[in-house]
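Here is the structure we will look at, set down as structure tokens.
Read-outs: derived from the displayed coordinates by stated rules, not from any lab. Keep in mind that what you see is a predicted model, and the values were worked out from it rather than measured. Cβ atoms come from the backbone with ideal geometry, glycine included; neighbour counts cover every protein chain shown.
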Ligand code: GDG
């Protein structure tokens, strides 16, 4: 049943994100799209964002408005220069690597940064006429940090919340990001700022206190330079039952993967956009080390990596693809045989039901990002398991999901040998231990599901209304 404080108070929910999901498409590859599709389905809300298209006259064109059931979707095009500067430029070449601790990959071009702030102003300009008094505006992710500031500048009085899907790095890292001061000030203009984990929230609080002269107040409130915001933790989750049902659909059908002649073949599965944050080369090296150091697994294990393309026009993404493909070839060439291919690497998206069935068929879920806001695949792997004979989750300590999924086998994704020995442990773990770990993990995934994420955000959002502290802050 539809829930959320927005509904109770009859407040309309307005979601703003860089891209709106194509609600008709089967294969969604973004965690954001997957989660928000669920979060909005029960609400009579408005979803506003970029269409994903470019057009030269985008700035002179009105938003395109479509109604899909209970939901209104409004989109604008970007000009080619805007897409280059805002999306491919500042957001994805500067902010994305910086938020994932990769200052070495962060490129900052002044013109890109200017366009990023300008596009946020244009989002606000186009959104303003569609807003109604009392709307609750929920803004998503690092593309739109300046949006509250831009809306308020135009007289918007609605409450505006923000959720960061990526990590918030340690303050020393954030302070090194070009234009960090503008970003910090802009974040403080939201009424609620939501993070995936306690440690992200702490990093932000340390940034506000240490670099913005701010302080922590009672509850989750932070104040700096006359602005007060509620900074809190809302771990994102999945539709557990929905994913489990997709996984079950394959029961009784022939396996999606080739059967081994002697029936003794275990599968390790990975599913990630081909992004440098996901630790794919390290993961492949760990699989290679497993075959090298634990020869008993040769011919009895395979590693299936689904890695759909992402941000392909950027050079670092071309580099990571080349590196991954070289390693796959190296491992298959070195260890494979006429009737055994150790690595099955697929550089394209698959329908969600195929992913779910693959997770269920796999003895090990190998989720080893170098940094990740949450990582939904870790939760999906758990949801897909057979309760009576579950697989084992091998999970990076640096995925936000590790804060909740403590009964997974937690690894350091930079340590190839530790990952190899952990894979051996996972492949040989007795059923009793697998079952005990799975039960706890399944409970945690069910508690922190996508509905809980939405409702807890909405509740905090609603209760930050008329807060006495806001009066004090003025
Ligand atoms: C960002 C943050 C955070 C993947 N390949 C295919 C496919 N997927 C689906 C997965 C999962 C989603 O896409 C990916 O979500 P993740 O959480 O793993 O990662 P990001 O895309 O980096 O998402 C992340 C998330 O936002 C939510 O806040 O958890 O930390 O980086 O659902 O299953 N889906 C289909 N075909 C594919 O080939 N259908």
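Each DSSP beta bridge with both residues in segment 66-207 is either parallel or antiparallel, and the antiparallel ones are about 25%. Exposure proxy ranking for 158, 170, based on other Cβ atoms within 10 angstrom of each Cβ and starting from the fewest, stands as 170, 158. Relative to one another, the C-alpha centroids of segment 116-132 and segment 366-421 are positioned 39 Å apart.
Shape descriptor for segment 81-128: Rg over Rh equals 1.05 (Cα atoms; Rh from the Kirkwood inverse mean 1/r). When its C-alpha radius of gyration is set against 2.2 N^0.38 Å (N residues), segment 333-474 gives a value of 1.33. Remark: 154, 357 ranked as 154, 357, counting other beta-carbon atoms within 10 Å and listing the fewest first. Relative to the longest principal axis of the Cα atoms of the chain, helix 31-41 runs at roughly 60 degrees.
What FRET efficiency do you get for residue 389 and residue 319 if R0 is 30 Å and r is their Cβ-Cβ distance, rounded to the nearest 0.05?
Numbers: r = 40 Å, r/R0 = 1.33.
Using R0 = 30 Å, I get an efficiency of 0.15.
If you rank 297, 347 by fewest surrounding Cβ atoms within 10 Å, what's the result?
Working: 297 20, 347 14.
Sorted ascending by nearby Cβ count, the order is 347, 297.
Using only helices, what value at 222 nm comes out for the chain when you add -39,500 (n - 2.57) per DSSP H run of length 4 or more and divide by the total residues, to the nearest 500 deg cm²/dmol?
Numbers: 17 runs with 184 residues, N = 474.
So the helix-based figure for the chain works out to -11500 deg cm²/dmol.
Bridges between two residues of the chain, per DSSP, are antiparallel at a rate of about 20%.
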